[in-house]
Amino acid sequence: MRQMHDTKPLMSARGLRVAIVAADYHAAIHERLLAGARGAFTQAGGVDTDLRVFTVDGVYDLPPVVLEALEAGFDAVVVTGCVVRGETRHDRHIVDAAFGQFSALAVRFRRPVALAVLTVEDLKQARARAGGDKGDAGAFAMRAALRTLDTMRLVREEAKR
């Protein structure tokens, strides 16, 4: 994961409608990821009324809600969740299936689907990456969505030249 102390200028979130689609299976991690994403949105000038949060049980359940958010016209979607490796490799099947859908939806709708879905060995690692000493994945994903929107705008402007 890249460092979360990015100083690159961000697109303003003012006037953008962003959906956070979150898996809340690990409640404490969910709350930390959500707080980071919300904080980055408001720091970039977004207002609470333009940010919506939709929750599901687990990461495997996220893609259809991401699809609904994109079809509903949100400018970007930030996806949050946490998958902890268990005794089997069941976690890989869940993550692979969901992540493939996220990238396909982003391309299909030409809108950012930014990920703050942690794939970790244990909850200690998750806490470190959800606002702990390894960064704030929720904030990083929100900033990534805003920066991607801005870059897409720049590409469109450049193409008109």
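Cα convex hull of the stretch 116-161: how many Å³ per residue? Don't jump to the answer; show the numbers that get you there.
Details: hull volume 2.9 nm³, N = 46.
Hull volume normalised by residue count: 63 Å³.
Once phi is turned into ³J(HN,Hα) by the Karplus curve 6.51 cos²θ - 1.76 cosθ + 1.60 with θ = phi - 60°, what whole-Hz value does each residue of the stretch 131-148 show in order, with x for glycine and proline?
The phi angles translate into x, x, 6, 9, x, 10, 4, x, 5, 4, 5, 5, 4, 5, 4, 5, 5, 5 Hz.
So what is the 222 nm mean residue ellipticity for the chain from helices alone, if each DSSP H run of at least 4 adds -39500 (n - 2.57) and you divide by all residues, rounding to the nearest 500 deg cm²/dmol?
Working: 5 runs with 77 residues, N = 161.
Calculated from helices alone, the mean residue ellipticity at 222 nm is -15500 deg cm²/dmol.
What are the semi-axes of the equivalent ellipsoid for the stretch 11-96, taken as the square roots of 5 times the Cα gyration tensor eigenvalues, largest first, in whole Å?
Sorted largest first and rounded, they come to 26, 15, 9 Å.
Which of 123, 16 comes first, and how do the rest follow, when ranked by fewest Cβ neighbours within 10 Å?
Ranked by crowding around the Cβ, least crowded first: 123, 16.
Would you please give the FRET efficiency between residue 57 and residue 134, computed as 1/(1 + (r/R0)^6) with r the Cβ-Cβ distance and R0 = 30 Å, to the nearest 0.05?
Working: r = 25 Å, r/R0 = 0.85.
According to the calculation, E is roughly 0.75.
Could you put 122, 24 in order, starting from the residue whose Cβ has the fewest other Cβ atoms within 10 Å? Mind showing how you got there, number by number?
Details: 122 9, 24 19.
Fewest to most other Cβ atoms nearby, the residues stand as 122, 24.
Note the per residue figure in Å³ for the convex hull of the C-alpha positions in the stretch 18-159.
Enclosed volume per residue, from the Cα hull, is 106 Å³.
Arrange 152, 142 by Cβ neighbour counts within 10 Å, fewest through most, would you? Intermediate values should be presented prior to the final figure.
Numbers: 152 15, 142 33.
If I rank by nearby Cβ atoms, fewest first, I get 152, 142.
Contour minus end-to-end for residue 159 and residue 97, with contour as 0.36 nm per residue of separation and end-to-end as the Cα-Cα distance?
Taking residue 159 through residue 97 to full extension adds about 18.9 nm, to one decimal.
Each value in this text was obtained by applying a stated rule to the coordinates, not by laboratory testing. Just so we're clear, the structure is a prediction, and the values are computed from it rather than from any experiment. Because the Cβ atoms are built from the backbone with ideal geometry, glycine has one as well, and the counts that use them run over all protein chains shown.
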